[in-house]
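Trainee: I am attaching a structure below and will ask some questions about it afterwards.
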Amino acid sequence: MHFPTSPLGVLVYVLGLAILWVIVTVPVYFAARAIRGDTVGFGDALGATLGGVVAYYVVYLAAALALGAVIGTSAGAFALLLGLLTWLAVFRGAFRTTWSRAVGIAVLAWVILVILDAVMVAFFGVTFPAFYPF
């Protein structure tokens with residue numbers, strides 16, 4: 001991946017990431033509203049989306065590095081599981097809900113995101129970057 005080096009390039013890159021963050025938050029917002037009801041705000045979904053991604057990658061990388069030295073190549077599978085559990089914990093805290101509802105929000109958000117991606121491809125010919133955690 002090539003990162004921009006000019007100030008304008010960096011600004012466009014950061015702006016693109018912010019737009020992608022908002023677009024990816026929309027399915028999380030609608031999924032949380034469907035499961036939790038009217039008590040969920042878009043700011044909650046923005047925080048859950050950003051916090052979930054950051055927490056996932058921090059835990060995934062830390063677990064893969066720590067476990068890789070102990071158990072070898074299968075550490076990636078354990079790191080993935082720990083990362084996903086961390087992401088669910090962020091959803092649970094951000095939406096003030098139970099574990100089962102956090103799973104429901106995550107699954108429904110993925111379904112909505114896949115549908116949104118298909119619509120974007122059909123109408124605009126663009127797709128989201130590879131965003132699946134596995």
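The values are calculated or read from the model by the stated rules, or taken from the named source; none is laboratory data. Source: prediction; values computed, not measured.
Trainee: Can you tell me which residue among T25, T97 is within 15 Å of the chain's Cα centre (by Cα) and among the polar types (S, T, N, Q)?
Mentor: On the way: T97 fails: within 15 Å of the chain's Cα centre (by Cα).
The match here is T25.
Trainee: Consider R36 carefully, then state whether it is modelled with pLDDT under 95 and of a type in the set (D, E, K, R).
Mentor: Considered against the rule, which asks whether it is modelled with pLDDT under 95 and of a type in the set (D, E, K, R), R36 comes out as yes.
Trainee: Right, next: Considering each residue of the stretch 75-96, count those that are modelled with pLDDT of 95 or more and charged (D, E, K, R), and give that number.
Mentor: 1
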